[in-house]
1. Filter the range 105-121 down to the residues that are without any contact (Cβ under 8 Å) to a residue 40 or more places away in the chain and of a type outside the set (D, E, K, R), then identify the one that is surrounded by the most Cβ atoms within 10 Å (Cβ to Cβ).
2. Test of understanding: among Ser250, Ser287, Ser256, Ser180, which residue is surrounded by fewer than 19 Cβ atoms within 10 Å (Cβ to Cβ), under 24 Å from the mean Cα position of the chain (by Cα), at negative phi and hydroxyl-bearing (Ser, Thr, Tyr)?
3. Could you grab me the full set of residues in the range 269-320 that are outside any loop (DSSP other than H, G, I, E, B) and over 22 Å from Val42 (Cβ atoms)?
4. Confirm whether Ala133 is surrounded by 15 or more Cβ atoms within 10 Å (Cβ to Cβ), touching a Ser or Thr at 6+ places or on another chain (Cβ under 7 Å) and not charged (D, E, K, R).
5. With respect to the numbered conditions (1) part of a helix (DSSP H, G or I); (2) under 20 Å from Ser120 (Cβ atoms); (3) touching a Phe, Trp or Tyr at 6+ places or on another chain (Cβ under 9 Å), which one is the sole condition not fulfilled by Leu190?
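The values are calculated or read from the model by the stated rules, or taken from the named source; none is laboratory data. Bear in mind the structure is a predicted one, so any value in this text is a computation, not a measurement. Please note: Cβ atoms are built from the backbone with ideal geometry, for glycine as well, and neighbour counts cover all protein chains shown.
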Amino acid sequence: MLYRRNPQLNENGELIHLLSIEGLPKATLTHILDTAANFVSVSSREVKKVPLLRGKSVFNLFFENSTRTRTTFEIAATRLSADVINLDIARSSAAKGESLLDTIANLSAMAADLFVVRHSESGAPYLIARHVAPHVHVINAGDGRHAHPTQGLLDMYTIRHYKKDFSNLTVAIVGDVLHSRVARSDIHALTTLGCAEVRVVGPKTLVPSDMAAMGVRVCNTLEDGIKDADVIITLRLQNERMSGALLPSSQEYFKSFGLTNEKLQLAKPDAIVMHPGPINRGVEIDSAVVDGAQSVILPQVTFGIAVRMAVMSIVAGNEA
């Protein structure tokens, strides 16, 4: 049965949880992107609501800080007409030592239908998904270094919006790949969707050793990595996840790997520049590029609402 092989899918191969892009078939990813396209127009309506999750309760459980992800999930659930509950972790029983599963059990007793979970421990959303009732769904909003599937999907939506087709694209992912759950989700999505070439670009200390096995090309200079690229995804230095000195300094990093308008000339003339946020201007990317004509960083955020609407409407519409 598919469910036994992939806990995200029911026995009919339908999505009931979104825990990771890894292992999901191309048809599932395409279905999410196509569904999101139908929701983009909701943002421009006078009444920005559809009734698909009316009567459902969505609990946002963010055990790590977040601005874009938490806010866009809240907006997405509200636009689907769900009841949205944002748990203040710092003031919850979890801060008093309550276990994660006990927290979930108590919230499930309050008639939760869907949990959106961000957690510092890799695998936490999987643990929750194994212990909820069949009618309750779990969406991973980022777990440790492991995965950030909705960010990966909104990145794919953005790329498809501007480039239409993946089959002839060269995509460069630049920066702190070692600590980036976004990079892993993007790589799984790009390879599944048939991207022609995926490159990871960064100093050797910030590129994991298993990248080549994931079907990507490893580049240790920015010039090599972004030459003739169609899409450049820049990543921030995740100093909060680093142990030890992996870089001489942020200034030295910017000299070698910071994306400037001058360096951007190495990519294709119509290349787009993306960033999952938060942005550290002058570290991984220059302000002139962030605010420049090739940047699609703010449209990424806008598309994120539609993508998260799509994911929630799909998982909540499928039964285990």
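1. Ser108
2. Answer to the selection: Ser287.
3. Of everything in the range 269-320, those that are outside any loop (DSSP other than H, G, I, E, B) and over 22 Å from Val42 (Cβ atoms) turn out to be Ile272, Val273, Met274, Arg281, Ile285, Ser287, Ala288, Val289, Val290, Ser295.
4. no
5. Answer for Leu190: the failing condition is (2).
Table: residues versus (1) assigned to a strand (DSSP E or B); (2) closer than 20 Å to Thr260 by Cβ; (3) at pLDDT below 95; (4) under 20 Å from the mean Cα position of the chain (by Cα).
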residue: Arg199; (1), (2), (3), (4): yes, yes, no, yes
residue: Ser209; (1), (2), (3), (4): no, no, yes, no
residue: Ala213; (1), (2), (3), (4): no, no, yes, no
residue: Gly225; (1), (2), (3), (4): no, yes, no, no
residue: Ala229; (1), (2), (3), (4): no, yes, no, no
